Amino acid sequence: TDVLAEEGRQVPIAGSSTVFPVTEAVAAAYFEERPSVNVSVSQTGTGGGFSNFFCPGMTAINNASREVADAELEQCAENGIEPIEFTIATDALTVVVNPDADWIDCLTVEELREIWRADGAQRWSDVRDDWPDEEFELYGAATTSGTFDYFNEAVIGEDVNHRGDYHATEQDRTIVQGVRGSRHAIGYFGFSFYAENPNQIKAVGIDSGDGCVEPSLQTAMDGEYTPLSRPLFIYASDQALVNPEVQDFLRFYIEQSATDLVEEVGYVPVTEDVRDENLEKLETAIDEVTA
Amino acid sequence: MAAETGDQTVDERESEFGQISRTKDVAFRWLTLAAALVGILSLAILLAYVTVDAVGWLDWQFLTSAPHPNPFEAGIFPALIGSIALMLLIALVTFPLGVGAAIYLEEYASDGPLTTFIQINIANLAGVPSVVYGLLGLGLFVSLIGFGFGTLLVAAFTVALLILPIVIISAQEAIRAVPDSQRQASYGMGATKWQTIRNVVLPRAMPGILTGTILALGRAIGETAPLIMIGAPTTVFGVPNSLLSKVSAMPMQIYTWARYPETEFQYGVVAAGVVTLLVVLLSINSVAILIRNHYQHDQ
Amino acid sequence: MSAIDLSSDGSRTARGIAFRYLFTLCALLSILTTVAIVLTLLLDAVDFFAAVSPIEFLFGTRWSPTNDPVAFGVLPLISGTLTITVGAAAIALPIGLLTAIYLSEYASSRRRAYLKPALEVLAGVPTVVYGYFALVYVTPALDAIPFVELSTFNALSASIMVGIMIIPMVSSISEDAMSAVPDSLRQASYGLGATKFTVSTSVVVPAALSGIFSSFILALSRAIGETMIVAIAAGQTPKLIDLTDPAGLFLESVQTMTAAMVQIGTNDVVGQSIAYKSLFAVGLTLFVITFAMNLVSEYVASRYREVYQ
Amino acid sequence: MTREPLTTSKTESSDDQASPTPGSDGLADRATDADTSTTTDSRTILESRNLDVYYGDDQALQDVSVELPEKQVTAVIGPSGCGKSTFLRCINRMNDLVDAANVEGELLFDGKNVYDDDVDPVALRRKIGMVFQQPNPFPKSIRDNVAYGLKVQGIDDNVDERVERALERAALLEEVEDQLDSSGLDLSGGQQQRLCIARAIATDPEVILMDEPASALDPVATSKIEDLIEELATDYTVVIVTHNMQQAARISDKTAVFLTGGELVEFDDTTKIFENPESQRVEDYITGKFG
Amino acid sequence: MTREPLTTSKTESSDDQASPTPGSDGLADRATDADTSTTTDSRTILESRNLDVYYGDDQALQDVSVELPEKQVTAVIGPSGCGKSTFLRCINRMNDLVDAANVEGELLFDGKNVYDDDVDPVALRRKIGMVFQQPNPFPKSIRDNVAYGLKVQGIDDNVDERVERALERAALLEEVEDQLDSSGLDLSGGQQQRLCIARAIATDPEVILMDEPASALDPVATSKIEDLIEELATDYTVVIVTHNMQQAARISDKTAVFLTGGELVEFDDTTKIFENPESQRVEDYITGKFG
Ligand SMILES: Nc1ncnc2c1ncn2[C@@H]1O[C@H](COP(=O)(O)OP(=O)(O)OP(=O)(O)O)[C@@H](O)[C@H]1O
Ligand SMILES: Nc1ncnc2c1ncn2[C@@H]1O[C@H](COP(=O)(O)OP(=O)(O)OP(=O)(O)O)[C@@H](O)[C@H]1O
Ligand SMILES: [Mg+2]
Ligand SMILES: [Mg+2]
Ligand SMILES: O=P([O-])([O-])[O-]
């Protein structure tokens, strides 16, 4: 934390790669106004960001695609850091396949679990008999990611493990590349990565009992796309809030979170009410730490 | 070859000495020439592709903007500035250390096991994978000393250690190329070792030392793996404003972008980034060549 | 006693000693660097090996540092590294050797003056650029070949690029060794009615063999340590070599030791988990392998330099 | 200057320092010795006609015309740089290997101009063996060294026999019989040179060219080589360049004297050249006035 | 062997080929010339006592004891490799720079053993200038070359004046007066060597050592250097190694003859050495019987 104080004019950010595009877009816009402020973003996954960077006091902000976990809160508290949560968008966690995979348009949650759980299906034909007798090529989120945690909780459940023999990456874009390149691939990640590449990969609808729902900004906003739609967050460190650059950047971020900027990146922006709440929360927190 | 010479009888030499078949010879010649060209040509083709792809993307906007998820708005400015800042720092660290070590090895060290050991050690350090240097930077500068992950200072020190052996080796060659008669002349005049080194050896070796150092800096500017290992951020916005600023460099940014699947990134923004990096690299190397030519004409 | 004062001047001597120590220090820094590398790698590797037995690490067949159930068998990574190295060697060794023969035996000095620096450029291109080339140009081009089913990330394009990158390492050291073969041997061979082909293959190459060998080892060591090309283009799928499917090996994604390090490094860089420590265990393995190879290469090279003074 | 009888001290001092003078006899004695060997006229096997050689712009041989007799030893002498080696290397077209070298005029081998377009220098060299100043055995076994020419020329019958015969004729067999498989480099200088001679004669050429073959050897080795050369002349035409005038006098039947500028000043029976040269310049050279 | 009068042809042939012999006078004449210069006894400035020098295990000087007179020219002659240069380099401890070199015995400079522990070789070399076989000016301006010694020795008054005086005494000033700022490398070989002499005398040493200073020069330049050396002896003690016996005879007052093995065989007045040496071996050497 001493080091951080010396650094000055820095806004170090780590965390979720799902949130990364939003933060990147916001930071790029911020650069136009304040090019001399050194905003840096690392994609470490939500969990990696909290445990390796945010709670040890090395970053001011953590991108998160899930809520901060209790263990992480404890770790932060040990270092005297209290995370302040801001919701900045809504995401539709998206399952994608190769556009040439003409046999599949929709999966039930049960089938999805069968594909992604340890000791589950190995081949497409294991899921449905009329699907090709070919092995999956699996691309998914690394265990340090919020996406993994969320998917694990919402789809796999407590009883079984998420499988380990898949192409695990923190870099969602790698998943796009991988799935695009192979007819028998399947992967999952944040909606934005699908939204950027709708022609190269195919999104699969999810049936959670009420019929097949395609992932989209609309279905996510309406709450139809279950169980995979989820809020996205950034967490600010109360210690870093003393830094005027961090305050300034957070104000800017929260204001942008209700704009088209978020939608352009492929997520659902927050409502203006949420934005105003967040701004208020921020000012209160700033007052507290600077008091 | 037996078949080729079999029909060549003694009598024939009355008028001729026969002809030895050159099929193998000619084929081999073309084969070796093809081998010599294949690498260069492949690279040339790839460079042509990337240059064509960069057209329309590599513009003023690209050079002066920050990275952006939208390829049409993305730019390389922070990484470009970061690379330049890194290079300056690296030069500041490696030049004195590298030249100092070379002077020790060439002018002071006597032939002994210690010298041989240092020499072999330097040659080996030059072959240690750069990712291992990254771990060194991570373990030493980030964890132990606490200069912060991904900072300019850590990046500069780490890459400096990486190119130091190259600088030392080329400086040694330059110093070794100074004729001994020059040293003798100086010592004969009652110059001390240091006076001889400063007044005679270094001025004469300097063009070679500079050339070698600049070429090594060219290597430094392309290094990515060490930056990754010391935790350089995925993307940096804004310019480095202190030694402890998070650093971004062109190769790091290219690495980040190379994993963006959008066609506009793959065949546009990254291509522009690659061309920018190569142009900077080329400029650095031309400076080295200019220096060398300049002094070659002088001597 | 002499009227002439030949005693030393204190400040002059002091300055001389100061500079001597300064330069000695600079040279010792290189040893310090090696020590620091070994120590940083060892310290964290020791922590790692406290949790994971060296046997398990060296002989385990599954590498899954972050996903449950975690496993730290380095063999799949070594498999990946081997795959890439073999592929690169298949390209660089013959091409580099033939190139060296061309440069040393066939090329006119003028052509050599152009070709050598042009070849050096191959080693000077940043590896991240090669990685990008492999992913964006080479893989799609190879995939366009009928009947070749190439994964987006595959060992083939990565090893082709690594191979191209290390060509100059083979060619320039081999060429040095061939140029060191005394002309008198060539003359002897020509004098016996040998063609250039025979001279090159039966005199020059055998005489330069240890130099050539040393260049091979050095180039392979470079291939083993190459990081960015494989991290970008070869993928992140740790798997054991399947000798029954050698083609598949190259057409699919693999993970090398270096790529695994990058993967952990980008996600987990300052953590204290075992996954993080495994970074250093892999790094140590890599360091030991390449360091040993460099030593061998140097030893072999010193032997060839001796042969003809 | 008047023609004086050659005194010991003078001839010794005119000697190249590098080539030792075995024994202490005067030159004249040796020339007389040589006189006893065959100097009967024999068929011309090699003939140069108006030979000019240039290295770039520098002329190394000037209008050299000479006829060399078959199965005799012809010595080529002259001061350093006068073109002796150049002349020798013209005969088997080794000068082709020097980019800058340019040959004009004719050189007839058995009546055929070796510089004709239809002559293959490789084939030519198979007829004309060569031995160099520095012994240059290949870093191979003794056997492989001698067999090398056979291998290159595709002669693969009775290889072992041929190797032994060549070693025998080169007066080396006895010394190396038991170590045919050890490296040729392990031999002494004189043995190496005899090995090179064996290598040259293994393929049974017509002519053997020798460029100062004994100049790198000690007196004992030198005298062995000299004996061998006289031996060889029963079967081969030998052309030998030497710096050592006593050597020329001892072993050759004919002597060609080149002087600076690449001019062939005199060519005659060795006895004639050493006892009563036509040209004043040759006499000056032989008596050590210059060179 | 009997002592014969030295004839032209013999002395010429005993000459090193690399060092030209200007003119064609006989040796004896020159020795007589040299006789006319001062050979009066003067104070001893340099004295070696039982000097042994080893390079590793090879002995290069054997028990050399000699006393050299002040302000005279002492020539050191002997065949190649006999240790002449080694002896010279002992005097100003240039052999310290050769790792393998090991000196035993004493070398007194003005009564002080220069190998005493309290002698600083740097200080010693400031008293004893040195001129080398190959002219080795620095790639600096003529002025800077001559001023180099002044600079390293910290002499900074009247630098320009001293430079001019040194050039004048080295008989070079006239030729380079207008180009003092052009590079020393642009001069001819003979001028370069005089420049090196100027450089050596600019700091006003007591002794000047010269190791074959004219061997790389043409006859005209050589004779200029020789004149200069005789000139210098009015102010300096000069010790000169030469291969060229005529040169030694021409310019020196005393001559030391070393023979192979590093033995000092004879030291005496130059006239004595050349006309009537004590030792048969010296006579043989001087008359060109060997070496
Ligand atoms: N490869 C070459 N390129 C250019 N000039 C050459 C070459 N070889 C020889 N010369 C020149 O040609 C002239 C004759 O050389 P050559 O080697 O034939 O002399 P030589 O009589 O054999 O001398 P030596 O007794 O020293 O061997 C010399 O002036 C030499 O410098
Ligand atoms: N640096 C050295 N290392 C080892 N041996 C040496 C070294 N310098 C000279 N020698 C050996 O010492 C002996 C004497 O050498 P030195 O140079 O003194 O002879 P020299 O009389 O000057 O000969 P030249 O006339 O050839 O210059 C020689 O045998 C030489 O090989
Ligand atoms: Mg010759
Ligand atoms: Mg000498
Ligand atoms: O990168 P995550 O959003 O999956 O934590």
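Each peptide in C:71-78, D:252-259 receives the mean, over its residues, of other Cβ atoms within 10 Å, and ordering these scores from highest gives D:252-259, C:71-78.
Enter the mean number of other protein chain beta carbons within 10 Å of the beta carbon of each residue in C:145-152, as an integer. Could you put the intermediate results ahead of the total?
Values: counts 0, 0, 0, 0, 2, 2, 7, 12.
Mean shielding count: 3.
Classify chain B as rounded, prolate or oblate, taking a ≥ b ≥ c as the square roots of the eigenvalues of its Cα gyration tensor: rounded when a/c is under 1.5, otherwise prolate if a/b is larger than b/c and oblate if not. Oblate is the answer for chain B, as a/c is 1.5 or above yet b/c matches or exceeds a/b. Across the options B:235, A:243, B:92, the greatest Cα extent toward the positive end of the charge dipole of the protein assembly as shown (unit charges at beta carbon of Lys, Arg, Asp, Glu) belongs to B:92. Based on Cα contacts under 8 Å between residues 6+ apart, chain B shows a relative contact order of 26 percent.
Projected over all directions and averaged, the alpha-carbon convex hull of segment D:36-286 occupies 13.4 nm².
Using a 1.4 Å probe on protein heavy atoms only, how many Å² of accessible area do D and B hide from each other, summed over both chains and rounded to 100? Please list the in-between numbers first.
On the way: alone 13010 and 16710 Å², together 28380 Å².
So the total buried area for this chain pair works out to about 1300 Å².
Put a plus charge on the Cβ of each Lys and Arg, a minus charge on the Cβ of each Asp and Glu, and nothing anywhere else: the dipole of chain B about its Cα centre is then about 1160 debye.
In nanometres and ascending order, the distances from the residue D:118 label point to those of the other copies are 9.2 (point 7 Å from Cα along Cα→Cβ).
Phi-derived couplings, Karplus 6.51 cos²θ - 1.76 cosθ + 1.60 at θ = phi - 60°, listed residue by residue for segment A:226-237: 10, x, 9, 8, 8, x, 10, 10, 10, 10, 9, 7 Hz, with x used for Gly and Pro. With a 10 Å cut-off around each Cβ of B:139-145, the average count of Cβ atoms from other chains is 4.
Which of B:172, B:67, B:248 sits farthest toward the positive end of the charge dipole of segment B:60-298, with +1 on the Cβ of Lys and Arg and -1 on the Cβ of Asp and Glu? In segment B:60-298, that residue is B:172. Residue-normalised convex hull volume from the C-alpha trace of the protein assembly as shown: 218 Å³ per residue.
Using unit Cβ charges (K, R positive; D, E negative) and no other charged atoms, how large, in debye to the nearest 20, is the dipole of the protein assembly as shown about its Cα centre? Before the final figure, lay out the partial values.
Details: 98 positive and 209 negative charges, 212 e Å.
That gives a dipole near 1020 debye.
Computed about its Cα centre, the charge dipole of segment E:135-231 is approximately 320 debye, with only Lys, Arg, Asp and Glu carrying charge at their Cβ. In this structure the amide hydrogen of residue D:131, modeled in the peptide plane, comes within under 5 Å of the amide hydrogens of D:209, D:210, D:211, none closer than 5 places in sequence on its chain.
If packing is taken as the mean number of other Cβ atoms within 10 Å per residue, what is the order of B:181-189, A:272-280, A:50-58, C:180-188, highest first?
Working: B:181-189: 22.9, A:272-280: 15.2, A:50-58: 24.8, C:180-188: 18.4.
Final packing ranking: A:50-58, B:181-189, C:180-188, A:272-280.
Adding -39500 (n - 2.57) for every DSSP H run of four residues or longer, then dividing by how many residues chain C holds, sets the calculated 222 nm ellipticity at -23000 deg cm²/dmol. Per the 1.4 Å probe, what fraction of the accessible area of segment E:46-121, in percent, lies on carbon and sulfur atoms? Roughly 35 percent of what the probe reaches on segment E:46-121 is carbon or sulfur.
Using θ = phi - 60° in the Karplus curve 6.51 cos²θ - 1.76 cosθ + 1.60, the 3J(HN,Hα) couplings for segment A:83-92 round to x, 10, 8, 10, 7, 10, 5, 10, 10, 10 Hz; x is entered for Gly and Pro. For segment C:200-309, just say rounded, prolate or oblate: build the C-alpha gyration tensor, square-root its eigenvalues into a ≥ b ≥ c, call rounded for a/c under 1.5, and beyond that prolate if a/b exceeds b/c, oblate if not. Oblate. At a probe radius of 1.4 angstrom, the accessible area of the protein assembly as shown per residue rounds to 38 square angstrom. Rounded to the nearest 10 square angstrom, residue C:149 shows an accessible area of 150 square angstrom against a 1.4 Å probe. Inter-part distance, segment C:33-53 to segment B:189-218, computed on C-alpha centroids, equals 39 Å.
Residues whose amide H comes within less than 5 Å of that of residue A:94, counting only those at least five positions distant or on another chain, are A:189, A:190, A:191 (H built at 1.01 Å from N in the peptide plane). Within the accessible area of chain A, the carbon and sulfur atoms contribute 42%, probe 1.4 Å, all protein chains present.
The distance between label points at residue D:260 and residue C:18 comes to 5.8 nm (points 7 Å beyond Cα on the Cα→Cβ vector). If you take all other residues with their beta carbon under 13 Å from the beta carbon of residue E:137, and give Lys and Arg +1 and Asp and Glu -1, the sum is +3. Phi angles of segment E:243-251 translate, via the Karplus equation with coefficients 6.51, -1.76, 1.60 and θ = phi - 60°, into HN-Hα couplings of 8, 9, 5, 4, 4, 4, 4, 5, 10 Hz per residue; Gly and Pro are given as x. In percent, rounded to a whole number, the relative contact order of segment E:186-291 is 19, using alpha-carbon pairs under 8 Å and six or more apart. Need one value: the accessible area of residue D:49 in square angstrom, 1.4 angstrom probe, rounded to the nearest 10. Approximately 100 Å² for this residue. Using a probe radius of 1.4 angstrom, the carbon and sulfur fraction of the accessible surface of chain C is 68%. Relative protection proxy for B:51-61, A:182-192, from highest mean packing down: A:182-192, B:51-61 (other beta-carbon atoms within 10 angstrom). For chain A, adding -39500 (n - 2.57) for each run of n ≥ 4 DSSP H residues and dividing by the number of residues yields -10000 deg cm²/dmol at 222 nm.
Between C and B, roughly 6500 Å² of accessible area is buried in total, ligands, DNA and RNA not counted and the probe set to 1.4 Å.
From the square roots a ≥ b ≥ c of the eigenvalues of the alpha-carbon gyration tensor of chain C, which class results: rounded (a/c under 1.5), prolate (a/b over b/c), or oblate? Here chain C falls in the oblate category.
Along the axis of the charge dipole computed for the protein assembly as shown (Cβ charges of +1 for Lys and Arg, -1 for Asp and Glu, origin at the Cα centre), the listed residues E:233, B:135, C:158 are led at the positive end by E:233. Distance from the alpha carbon centroid of segment A:139-210 to that of segment B:117-137 works out to 40 angstrom. Using a probe of 1.4 Å on the protein chains alone, the accessible area found for residue C:258 is around 0 Å².
Run lengths n ≥ 4 of DSSP H only: what is the helix-derived mean residue ellipticity at 222 nm for chain B, with -39500 (n - 2.57) per run over all residues, to the nearest 500?
Numbers: 13 runs with 191 residues, N = 299.
Here the helix-only value at 222 nm equals -21000 deg cm²/dmol.
Quick test of your reading: applying the under-4.7 Å Cβ rule, which cysteines of the protein assembly as shown are isolated? Result for the protein assembly as shown is C:26, D:82, D:90, D:196, E:82, E:90, E:196, no neighbouring Cys Cβ within the cutoff. For residue E:75, the residues 5 or more places off, or on other chains, whose built amide H falls under 5 Å of its own are E:240, E:253, E:254, E:255, E:256. Counting Cβ atoms of other protein chains within 10 Å of each Cβ in D:146-156 and taking the mean gives 5.
Just need the relative contact order of segment C:63-304 here, percent rounded to a whole number, with Cα pairs under 8 Å and 6+ apart. All intermediate terms of the calculation are to be shown ahead of the outcome.
Working: 366 pairs, mean separation 71.5, N = 242.
Reported as a whole number, the value is 30 percent.
The values are calculated or read from the model by the stated rules, or taken from the named source; none is laboratory data. Keep in mind that this is a model prediction, so the values were computed, not measured. Please note: Cβ atoms are built from the backbone with ideal geometry, for glycine as well, and neighbour counts cover all protein chains shown. For the accessible areas, the whole protein counts, side chains as well, though only heavy atoms, and no ligand, DNA or RNA atoms are used. Shrake-Rupley method; radii C 1.70, N 1.55, O 1.52, S 1.80 Å.
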